[in-house]
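The values are calculated or read from the model by the stated rules, or taken from the named source; none is laboratory data. For clarity, every value in this text was computed on a predicted model and none was experimentally measured. A quick note on method: Cβ atoms are made from the backbone with ideal geometry, for glycine too, and the neighbour counts reach across all protein chains shown.
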Amino acid sequence: MMILKPIGVFDSGVGGLSVLREIRRELPHEDLVYVADSGHAPYGDKPLDYIERRALAIADFLLERDAKALVVACNTATGAAARLLRERYPVPVIAMEPAVKPAVARSRSGVVGVLATRQTLASDKFAALLASHEGTQAQVLAQACPGLVERVEAGDLEGEETRALLTAYLEPLLTRGADTLVLGCTHYPHLASLISELAGPAVEVLDSGAAVARQVRRRLAETGLLASPRGGREFFWTSGDPGRLYPVLARLWGDDIDLAPLPPAREGSRYR
């Protein structure tokens, strides 16, 4: 039955686990299949067509495993490929949007900082998001953060190199009065504690993982695809080296993990 099929979730690496955790909280009865495209990470500095090809290959893989919905748990892949995925695939596609709107509403100073990858900040989707706040009193400051994804992929959530990068990226935002920070990459919530420590208690840190999880529930409910009460399971795949990824995955998710190597992309999929 369709309602027993899993939800497919993917990201360039382990970042999307921050979204997967929120989906698990919101939907404890669902089976979840997660693809960490670590062999091709990071996406943030890759060409647009490269990210599109990876998104399509992973979506094919997830549909071949009977995914009843796709969650693009990556802001960069959302900007590059979400529309294409919605055009090509016959299942609900839920994607990311940086939490700029709630950040603007919550900011006391009227200055909001957005931390994201270069590709996310250069996307048409992000440009449209910024344009929606033009003419308001809010000031939205965008800060590209090259290198942060790699630190999370390496499992370095609080080391000196990670601290140095974050300090450099936060300084211009805080100097200009940002009192609310938006984490515009799904890797960054894994650094939320360190970001809060460096930014100080007067600065609020927001991400959109919980909102995405609620949207997944809404879309499944609308289409009659919610699973019946049962124990949901998780299955993990990676295009990288499972042996190298496992310790990071275990640290971020837990030790009891079913992790397998992603098979090579096959041509001629019925979903292309």
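Worth pointing out:
- The listed residue being among the small types (Gly, Ala, Ser), closer than 26 Å to ARG219 by Cα, crowded, with 19+ Cβ neighbours inside 10 Å and modelled with pLDDT of 95 or more, out of ALA142, ALA99, ALA116, ALA178: ALA99
- Residue pairs whose Cβ atoms lie under 9 Å apart, separated by 6 or more positions or on different chains, with the first residue in the stretch 191-213 and within 20 Å of GLU161 (Cβ to Cβ) and the second among the polar types (S, T, N, Q) and crowded, with 18+ Cβ neighbours inside 10 Å, are LEU191/THR162; ALA192/SER18; LEU194/THR162.
- Odd one out for VAL140, checked against (1) touching a residue at least 60 places away in the same chain (Cβ under 8 Å); (2) under 24 Å from THR180 (Cα atoms); (3) not hydroxyl-bearing (Ser, Thr, Tyr): (1)
- Looking across the stretch 34-60 at every residue that is over 21 Å from ARG218 (Cβ atoms), of a type outside the set (A, V, I, L, M, F, W, C) and outside any helix (DSSP H, G or I), the one that is farthest from the chain's Cα centre (by Cα) is identified as PRO47.
Conditions (1) outside any loop (DSSP other than H, G, I, E, B); (2) assigned by TED's automatic domain parsing to the domain that holds VAL152; (3) surrounded by fewer than 17 Cβ atoms within 10 Å (Cβ to Cβ); (4) more than 14 Å from the chain's Cα centre (by Cα), marked per residue:
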site	(1), (2), (3), (4)
LEU62	yes, no, no, yes
LEU70	yes, no, no, no
THR76	yes, no, no, no
GLY79	yes, no, no, no
LEU85	yes, no, no, yes
PRO90	no, no, yes, yes
ALA105	yes, yes, yes, yes
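- Of all residues in the stretch 125-150, those satisfying the criterion of being in a helix (DSSP H, G or I), under 24 Å from GLY13 (Cβ atoms) and of a type in the set (A, V, I, L, M, F, W, C) are PHE126, LEU129, LEU148, VAL149.
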